[in-house]
Amino acid sequence: MSISTQYKKPDFKSSDLVDKVNIMDINFINLSKQDLLEEHLYPQLLSEEKCFIVTANPEIVMRAREDINYKGNVELADYVVPDGAGVVLASKILKRPIEERIAGFDLMLDLLEFANVQKLSCYLFGAKDYVNERAVLEIKRRYPNLNIVGSEHGYSPHADKIVAEQIKLLQPDIILVALGSPAQENWITDNLHQFAKGVFMGVGGSFDVLAGEVKRAPAIWIKLNMEWLYRLLKQPFRWKRILKAIEFMLRIVLRKF
Ligand code: UDP
């Protein structure tokens with residue numbers, strides 16, 4: 001996939017005013033989750049402003065460093081959210097501390113909760129066929145007033161085009177894209193120019209958690225910033241990804257000294 005040539009960020013957006021912390025050339029927002037939701041995302045949902053959220057961990061920062069096209073796509077986001085204990089630790093080492101780690105999964109649930117109260121609509125793109133179906137059922141169970149206008153799993157060959165057509169037609173308020181990185185951010189930036197409205201968010205493996213396929217770390221692990229270790233223990237095949245996070249931390253320390 002290439003850097004989006006068609007989607008241009010408008011000259012001014014309210015997200016431009018948010019305090020940002022630059023970590024290895026990625027501008028992370030420096031806001032608490034509550035402020036991000038109440039001052040930005042909820043009003044944008046209500047005013048039907050188009051918006052693109054990237055929840056970035058050290059692995060995404062490293063990928064952006066190595067792939068200029070992907071970096072360009074991340075830069076098109078309105079909000080790059082610090083999702084990952086490593087990002088927050090890096091900000092502290094660089095003496096520009098980020099207020100709070102915002103887990104993408106929690107941010108997604110808060111958006112769905114608000115959408116449920118406001119009776120808004122949502123589209124779920126990505127994950128395996130049965131995982132997507134179960135995630136739809138689980139979201140319907142948790143948020144009965146939320147209107148799931150459509151869903152499509154992430155493994156059919158023409159899904160990217162089919163989903164874009166459906167979203168153009170259905171105009172959902174929230175579009176969750178669970179294709180993993182970089183595919184989810186690339187799909188959003190390749191297609192965003194076609195849509196009139198919507199909060200677009202890459203949610204990685206969140207449907208797997210909603211579907212009960214993957215268990216999220218218990219609260220104490222999350223509190224101790226050890227969610228990454230829990231995931232590694234549960235899914236040891238992810239070890240290569242942890243190496244990227246280690247490289248990220250080493251580069252931050254080198255930068256510092
Ligand atoms: N996925 C997909 N289509 C693909 C490759 C991956 O829909 O071609 C889905 C995969 O099934 C999983 C998600 O993308 O649900 C990626 O999850 P992962 O745990 O890698 O993401 P993370 O949470 O680490 O960003």
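Only the coordinates and a few stated rules stand behind these numbers; no lab work does. Given the structure is predicted, the values throughout are model-derived calculations rather than measurements. Counting neighbours? That spans all protein chains shown, and the Cβs are built from the backbone with ideal geometry, glycine included.
So the check is Cβ under 8 Å with 6+ separation or different chains; which pairs have a first residue in the stretch 101-124 that's more than 12 Å from Met201 (Cβ to Cβ) and in contact (Cβ under 8 Å) with a residue 60 or more places away in the chain and a second one that's within 13 Å of the ligand (Cβ to nearest atom) and in a helix (DSSP H, G or I)?
Cβ pairs passing all conditions: Ala103/Glu227.
Here are the criteria: (1) within 12 Å of the ligand (Cβ to nearest atom); (2) without any contact (Cβ under 8 Å) to a residue 24 or more places away in the chain; (3) surrounded by fewer than 16 Cβ atoms within 10 Å (Cβ to Cβ). Tell me which single one Arg141 does not satisfy.
The number of the failed condition is (1).
Run Lys92 past the list (1) within 13 Å of the ligand (Cβ to nearest atom); (2) in a helix (DSSP H, G or I); (3) more than 16 Å from Thr55 (Cβ to Cβ) and report the number of the one that doesn't hold.
Failed condition: (1).
Which residue, of Val136, Val149, is within 14 Å of the ligand (Cβ to nearest atom), in contact with a strand residue (DSSP E or B) (Cβ under 6 Å, 6 or more places away or on another chain) and among the β-branched types (Val, Ile, Thr)?
The unique qualifying residue is Val136.
Please find, among Ala196, Ala178, Ala159, Ala219, the residue that is within 21 Å of Ser121 (Cα to Cα), surrounded by fewer than 19 Cβ atoms within 10 Å (Cβ to Cβ) and either within 15 Å of the ligand (Cβ to nearest atom) or without any contact (Cβ under 8 Å) to a residue 40 or more places away in the chain (or both).
Ala159
Got at least one residue in the stretch 221-243 being within 19 Å of His153 (Cα to Cα) and either in contact with a helix residue (DSSP H, G or I) (Cβ under 6 Å, 6 or more places away or on another chain) or of a type in the set (Gly, Ala, Ser) (or both)?
Checked against the condition, which is being within 19 Å of His153 (Cα to Cα) and either in contact with a helix residue (DSSP H, G or I) (Cβ under 6 Å, 6 or more places away or on another chain) or of a type in the set (Gly, Ala, Ser) (or both), the stretch 221-243 yields no hits at all.
Looking at the stretch 234-251 only, could you name the residues that are within 23 Å of the chain's Cα centre (by Cα) and over 18 Å from Gly204 (Cα atoms)?
Within the stretch 234-251, Leu243, Ile246, Glu247, Phe248, Met249 qualify.
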